[in-house]
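Notes follow the structure.
The values are calculated or read from the model by the stated rules, or taken from the named source; none is laboratory data. Just so it is clear, the model here is predicted, and its values are computed rather than measured. Quick reminder, even Gly has a Cβ in these numbers, built from the backbone with ideal geometry, and neighbours come from all protein chains shown.
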Amino acid sequence: MKIAIASDHGGFSLKDEIVSHLTACGFAVTDMGTDSTGNAIDYPVMAEKVAHAIQKNECDRGIVICGTGIGISIAANKFSGIRAALCHDAYTARMSRAHNNANILALGGRSTGVGVAFDIVDTWLNTGFDGGRHQRRVDMISGFEKT
Ligand code: RB5
């Protein structure tokens, strides 16, 4: 599975930890930046990079991280075909895959510790979509993109 990941300065430290973790687990990780906590970068720019990688099928899943995960998830969800889920624990991560078929995971670098984040990421990457009635609901959401 190919994974695109990006953060702003507020999510950089957690991104660094997750890139190392996923690489050690054998995933193909495309790190789209940023590369420090020092230089402030606008989170919508980083959300766009990952959203485009998913839209162009360059990567299968995406992970975006800002300070809270809120701004970068809102930004990612503006792109057609993107279902970005801000998760704070393994339960929400699992449900975002099983019920919402989320293709981008959003995390808060200032709100979620590394251990919990690894738990979230591992759960999110290893949970499939349940389909069925959930597919109908996801299709309804996709329909909103045409309005
Ligand atoms: C940047 O200071 C901060 O606003 C950003 O990382 C994020 O938390 C926005 O939602």
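Given the options ILE120, ILE74, ILE63, name the one that is out of contact with any Lys or Arg (no Cβ under 7 Å at 6 or more places or on another chain), in a helix (DSSP H, G or I) and more than 13 Å from the ligand (Cβ to nearest atom). So that I can check it myself, show each step before the final result.
Values: ILE74 fails: more than 13 Å from the ligand (Cβ to nearest atom); ILE63 fails: in a helix (DSSP H, G or I).
The match here is ILE120.
For segment 123-147: of the residues being assigned to a loop (DSSP other than H, G, I, E, B) and at pLDDT 95 or above, which is farthest from LEU22 (Cα to Cα)?
So in segment 123-147, the residues assigned to a loop (DSSP other than H, G, I, E, B) come out as 126-132, 145-147.
Checking the rest, the ones that are also at pLDDT 95 or above come to 126-132.
Working: ASN126: 12, THR127: 16, GLY128: 18, PHE129: 21, ASP130: 24, GLY131: 26, GLY132: 30 Å.
Per the criteria, the residue is GLY132.
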TODO: Could you figure out which of (1) closer than 18 Å to ASP119 by Cβ; (2) surrounded by fewer than 23 Cβ atoms within 10 Å (Cβ to Cβ); (3) away from the ligand (no atom under 16 Å from the Cβ) isn't true of LYS2?
DONE: (1)
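Among residues belonging to segment 77-106 that are in a helix (DSSP H, G or I) and of a type outside the set (S, T, N, Q), point out the one that is farthest from the ligand (Cβ to nearest atom).
Let us first name the residues in segment 77-106 that are in a helix (DSSP H, G or I), namely 90-98.
From what is left, the residues that are of a type outside the set (S, T, N, Q) are 90-91, 93-95, 97-98.
Values: ALA90: 22, TYR91: 22, ALA93: 19, ARG94: 24, MET95: 22, ARG97: 23, ALA98: 26 Å.
Among them, the one singled out is ALA98.
Can you go through GLY62, GLY81, GLY33, GLY71 and tell me which one is more than 22 Å from ILE141 (Cα to Cα) and of a type in the set (Gly, Ala, Ser)? Steps first, answer last, please.
Working: GLY62 fails: more than 22 Å from ILE141 (Cα to Cα); GLY81 fails: more than 22 Å from ILE141 (Cα to Cα); GLY71 fails: more than 22 Å from ILE141 (Cα to Cα).
On inspection, the qualifying residue turns out to be GLY33.
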Task: All positions within segment 5-50 that are more than 16 Å from the ligand (Cβ to nearest atom) and assigned to a strand (DSSP E or B) - done: ALA28, VAL29, THR30, ASP31
Open item on the list: For the condition β-branched (Val, Ile, Thr), under 12 Å from the mean Cα position of the chain (by Cα) and either closer than 19 Å to ALA4 by Cβ or surrounded by 22 or more Cβ atoms within 10 Å (Cβ to Cβ) (or both), what is the one hit in VAL121, VAL45?
Closed with: VAL121
Open item on the list: Restricting to segment 5-29, and then to whatever is surrounded by fewer than 18 Cβ atoms within 10 Å (Cβ to Cβ) and hydroxyl-bearing (Ser, Thr, Tyr), can you tell me which residue is farthest from ALA117 (Cα to Cα)?
Closed with: THR23
Open item on the list: Tell me yes or no: at least one residue of segment 31-52 is without any contact (Cβ under 8 Å) to a residue 12 or more places away in the chain and not aliphatic (A, V, I, L, M).
Closed with: no
Task: Residue match in segment 30-39 (condition: buried (at least 18 other Cβ atoms within 10 Å of the Cβ) and more than 10 Å from ALA6 (Cα to Cα)) - done: no
- [ ] Go over the candidates ILE65, ILE141, ILE120, ILE104 one by one and state the one that is at negative phi, touching a residue at least 60 places away in the same chain (Cβ under 8 Å) and hydrophobic (A, V, I, L, M, F, W, C).
- [x] ILE65
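Do you know which residues across segment 51-60 are part of a helix (DSSP H, G or I) and closer than 10 Å to ILE5 by Cβ?
Of all residues in segment 51-60, those part of a helix (DSSP H, G or I) come to 51-55.
Residue satisfying the conditions is ALA53 alone.
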